[in-house]
1. Quick test for you: out of 214, 162, 235, pick the one residue that is surrounded by fewer than 23 Cβ atoms within 10 Å (Cβ to Cβ) and modelled with pLDDT of 95 or more.
2. Of the conditions (1) surrounded by 17 or more Cβ atoms within 10 Å (Cβ to Cβ); (2) over 24 Å from residue 223 (Cβ atoms), residue 85 fails just one. Which one is it?
3. Restrict the check to region 188-209 and report whether at least one residue is surrounded by fewer than 21 Cβ atoms within 10 Å (Cβ to Cβ) and closer than 19 Å to residue 48 by Cβ.
4. Which is charged (D, E, K, R) and touching a strand residue (DSSP E or B) at 6+ places or on another chain (Cβ under 9 Å), of 197, 182?
5. So residue 156 clears everything in (1) of a type outside the set (Val, Ile, Thr); (2) at pLDDT below 95; (3) on the phi < 0 side of the Ramachandran plot; (4) surrounded by fewer than 17 Cβ atoms within 10 Å (Cβ to Cβ) except one condition, right? Which one?
6. Out of all the residues in region 177-185, is one or more under 18 Å from residue 68 (Cβ atoms) and of a type in the set (Val, Ile, Thr)?
7. Cβ-Cβ below 6 Å, separation at least six or inter-chain, first residue in region 82-104 and closer than 14 Å to residue 124 by Cα, second small (Gly, Ala, Ser) and crowded, with 17+ Cβ neighbours inside 10 Å: which pairs?
8. Identify all residues within region 147-177 that are of a type outside the set (A, V, I, L, M), part of a helix (DSSP H, G or I) and touching a residue at least 12 places away in the same chain (Cβ under 8 Å); write none if there are none.
Amino acid sequence: MLLADLTMPEFEAGLQRTRTIILPFGATEEHGRHLPLSTDTLMAETLAARAAERRRVFVAPAIPYGVCRSSSGHPGTISIRGLTLRALACDLLRDYYRQGLRRFILLSGHAGGTHNAFLLDAGEEMLDCLPEAEIAVVTELDLVRADAANLIETRGDSHAGEIETSRLLHSHPQLVKGTSEREFPNFPKGLLVRDKRSCWPGGVWGDPGKACAEKGRAIEAAVLEGLVNLIDRLETADQHLKR
């Protein structure tokens, strides 16, 4: 059930069928010369909607902003502070709980480590504050990491490369504008860099030239299975998972 499409009575009736909701988090971030700024958001909301076809869950409107450190110097990247993301996630969890939801999956299409650390921190805080809540915080890569090794040719591929380009060629082919060159960033280990684009000119982390729609279909299917399995685990969680 897509929450944004429901009327007030439909939402109320939906609570009689499920207390589980997926909250998709994305980003407005460069993805090379060929993918849209909304790539991470599109992947998360598409996956959540597909999961809602398989399991009885609510899907919240996607959050299209996140913490984007490495790409902050590239045109089009709009980043928010980690504390802002954390506060937003806490507020959403708190108010969805007030409305009757009890099981929450924070699904991030953006794989940035800092971004997801703040989502995890929000989940941990709300786990302590909301006594009946069960919370999962995952990225799409978390859901399919083992299977992806058999599907992906590019070692270390993660951003605007083989994986994400394949996903968009499958789900939103009209938004893919050609391709970009294979690239991996060259950030100095342990050092913070002001001019991040100098270490990562093209904004690609992988090889989009290896992408294809069929590969994207297979990757999406593998990630979807991981998400459906997570929903099942969350809804049958043992008491020791609760605080």
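1. From the options 214, 162, 235, the qualifying one is 214.
2. Status for residue 85: all satisfied but (2).
3. No; the residues of region 188-209 include none that is surrounded by fewer than 21 Cβ atoms within 10 Å (Cβ to Cβ) and closer than 19 Å to residue 48 by Cβ.
4. From the options 197, 182, the qualifying one is 182.
5. (3)
6. no
7. 86/122; 89/122; 90/122
8. 147, 162, 164, 165, 166, 167, 170, 171, 173
The values are calculated or read from the model by the stated rules, or taken from the named source; none is laboratory data. In this text the structure is predicted, and so the values were computed from the model without any measurement. We place every Cβ from the backbone using ideal geometry, glycine too, and count neighbours over all the protein chains shown.
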